[in-house]
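One structure is given below, encoded as structure tokens.
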Amino acid sequence: MTENGFRAEEIDTRRPHPARIYDYLLGGKNNYEVDREAGDRLAAAAPEVWSGVRANRDFLRRAVRHVVDSGIRQILDIGTGLPSSPNVHEIARESAPDVRVAYVDNDPIVNTYANVLLRGSAATSIALADLRDPRAVLDHPEVRQVIDFDRPVAVLLVAIVHFLTDVERPERVVATLRDALPAGSFLVLSHATDDFADRSAASAVYDDATATLSLRSRDRIERFFDGFTLVEPGLAEVPFWRPDAPPPTGPGEIGYYGGVARKSG
């Protein structure tokens, strides 16, 4: 049994895990051979994935800065993945040192690395929980230790909802999170798409992973923002969401949409 309450045998290193594949594509070292092999197959099927994961990470940075500049001081990052500096709390605290961040992921390896990173900080926490059970995420003691749901919160669902199948009712999952948030809260969401090319071969790479990949259209992704008001420029390809430099790619070259939306009263 580890100090985080799960058994070592619960860490599945026989199948690739989305967080560890993402870590590999970002140039990280906290992954296994099975994850690297999956990442290479993914890149062979969709070569733009290398620039796509970086564009998605850059979108995360800009979105976090936007919500903090809008007054948010609490962030719930679900599907946080392995630590990749700058992390959300580092980005947020460049603008506001008092921002509190709760990280959530369902991979015990992510939990272990994040606990080491965050040890000793009362303003950050890491919870081992699964987005498929949003109520358990919201009620997790490590989340409640940091997040006060009577005050506005920014919920980050960055490159995670596409790992929910339609059977798992992703709209219901996001709506459960939305309904727990007070007015003035934000939703930051990005999602992979096959609007611009056939990506069935890329999606198939995840068939043997710990979560499958469900690519969705722009119209379908926009539904996740029901009950929120999208801020300008609305749902956009991630390189074109409020870029702070000329985008490195042209329209349709990156298979991710992203948006930031606010919940009104």
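The values are calculated or read from the model by the stated rules, or taken from the named source; none is laboratory data. Remember, it's a predicted structure, so these values are computed and weren't measured experimentally. As a convention, Cβ positions derive from the backbone with ideal geometry for all residues, glycine included, and neighbour counts pool all protein chains shown. Heads up: the accessible areas ignore ligands, DNA and RNA and are worked out on the full protein's heavy atoms, side chains in. Shrake-Rupley method; radii C 1.70, N 1.55, O 1.52, S 1.80 Å.
Legend: P(r) of the chain from all alpha carbon pair distances, 5 Å bins from 0, whole percents, reading 1, 6, 13, 18, 21, 19, 13, 7, 2, 0.
Here the contact order of the chain, divided by its residue count and restricted to Cα pairs under 8 Å and six or more residues apart, works out to 20 percent.
Computed across segment 21-147, the Kirkwood hydrodynamic radius from all distinct Cα-Cα pairs reaches 15.5 Å.
Sparse packing (at most 10 other Cβ atoms within 10 Å of the Cβ) combined with a DSSP loop state is found for the following trypsin sites (Lys or Arg not before Pro) in segment 25-120: Lys29, Arg119. Quick check: the distance between the Cα centres of segment 201-259 and segment 13-29, to the nearest angstrom? When both Cα centres are located, 20 Å separates them. A dipole drawn for the chain from +1 and -1 charges on Cβ atoms has a positive end, and of Gly259, Pro83, Phe186 the residue lying farthest that way is Phe186. Other residues whose C-beta falls under 12 angstrom from the C-beta of Glu168 contribute a net charge of -1, scoring Lys and Arg +1 and Asp and Glu -1. For segment 132-138, the Karplus equation 6.51 cos²θ - 1.76 cosθ + 1.60, evaluated at θ = phi - 60°, returns couplings of 4, 10, x, 5, 5, 4, 5 Hz by residue, with Gly and Pro reported as x. Summarising the strand pairing of the chain, around 40 percent of its internal DSSP beta bridges are antiparallel. For segment 180-220, taking the reciprocal of the average inverse distance between every pair of different Cα atoms yields a Kirkwood hydrodynamic radius of 12.5 Å. Seen through its C-alpha gyration tensor, with square-root eigenvalues sorted a ≥ b ≥ c, segment 160-265 comes out oblate because a/c lies at 1.5 or above while a/b is not bigger than b/c. For the chain, modelled as a GNM whose springs connect Cα atoms under 10 angstrom apart, the maximal fluctuation among Asp139, Asp35, Asp23 occurs at Asp139. Per-residue surface analysis assigns Asp208 an accessible area of about 110 Å², computed on protein heavy atoms at 1.4 Å probe radius. Its Cα gyration tensor gives segment 143-215 an equivalent ellipsoid; the semi-axes, largest first and in whole Å, are 29, 13, 11.
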